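Here the structure is laid out as structure tokens; the discussion comes afterwards.
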Amino acid sequence: MSTTWLVVGLGNPGPDYAGHRHNVGQMAVSQLASDIGATFKSHKANALVAEGWVRPGGPKLVIAKPNTFMNLSGGPVANLLKFYGVEPANLIVLHDELDIDFDVIRLKSNGGHGGHNGLRDIIAAIGTNEFNRVRIGIGRPPGRQDAADFVLSNFNSSEREILPHVLAHATDAVETIAEEGILAAQQRFNSPA
């Protein structure tokens, strides 16, 4: 029997937020679902869910985009873990990260929320911080721009050119975690290029 992983992309719902930096986690899981030929459908856990396999006979991925706003992501995640019988150790959350340069991803297992309200709500809802994260760098805001305004803005034109490569890198990281484990994935993706 193959292992099942819950892969959650954080963001805000609706077309007004779709292109925002804060939604890069949902952009990445949309790409992942497309890569494995999975289609999103509404789920009673208040999320869109797509199911598929990394490869035939390989790990099963339950890919989810909560229908809630970012800071209320915990409820859908907790409900999906319960519904699919997945332990938090097999949870992978993809999210934006201000403290990492754009075009860089970093993998992390366990740890705090680092001020990220989506992670804060997930930790509170599932009662543990022991899960995997794919941190997708969006960089710091330029000049004196407020961080909240920055994350709720669209990528600029030069970033949009590079973004498909960033999303592909993030989806490769998820597949590596599912197939080889977090430590092997960290050695591959957290090393300097």
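Quick look at the values:
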item: q = 0.21, 0.22, 0.24 Å⁻¹: log10 I(q)/I(0) that the Debye formula gives for the stretch 2-51, counting C-alpha atoms only; result: -0.79, -0.86, -1.00
item: Per residue solvent-accessible surface (Å²) - the stretch 48-131, probe of 1.4 Å; result: 43 Å²
item: Equivalent ellipsoid, the stretch 44-193 (semi-axes from 5 times Cα gyration tensor eigenvalues, Å); result: 25, 20, 15
item: Most positive-pole-ward Cα, HIS20, GLY114, VAL7, against dipole of the chain from beta carbon charges; result: VAL7
item: Stretch in the chain that is longest and holds no trypsin sites (Lys or Arg not before Pro) that DSSP places in a loop and that have at most 12 other beta carbons within 10 Å; result: 45-143
item: Dipole magnitude (debye, nearest 20) for the chain, charges at Cβ of Lys, Arg, Asp, Glu; result: 360 debye
item: For the stretch 109-193: rounded, prolate or oblate by the Cα gyration tensor [a/c cutoff 1.5]; result: oblate
item: Helix runs (DSSP H) in the chain reaching 20 Å along axis by Cα, Kyte-Doolittle at least -1.0; result: 157-180
item: Percent carbon-and-sulfur accessible area, the chain, ignoring ligands, DNA and RNA, probe 1.4 Å; result: 49 percent
item: Whether the stretch 1-88 is rounded, prolate or oblate, judged on the alpha carbon gyration tensor where a/c under 1.5 counts as rounded; result: oblate
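The values are calculated or read from the model by the stated rules, or taken from the named source; none is laboratory data. Only a predicted model underlies this, so the values are computations on that prediction, with no experimental measurement involved. Please note: Cβ atoms are built from the backbone with ideal geometry, for glycine as well, and neighbour counts cover all protein chains shown. For accessibility, only protein heavy atoms count, side chains too; no ligands or nucleic acids. Shrake-Rupley method; radii C 1.70, N 1.55, O 1.52, S 1.80 Å.
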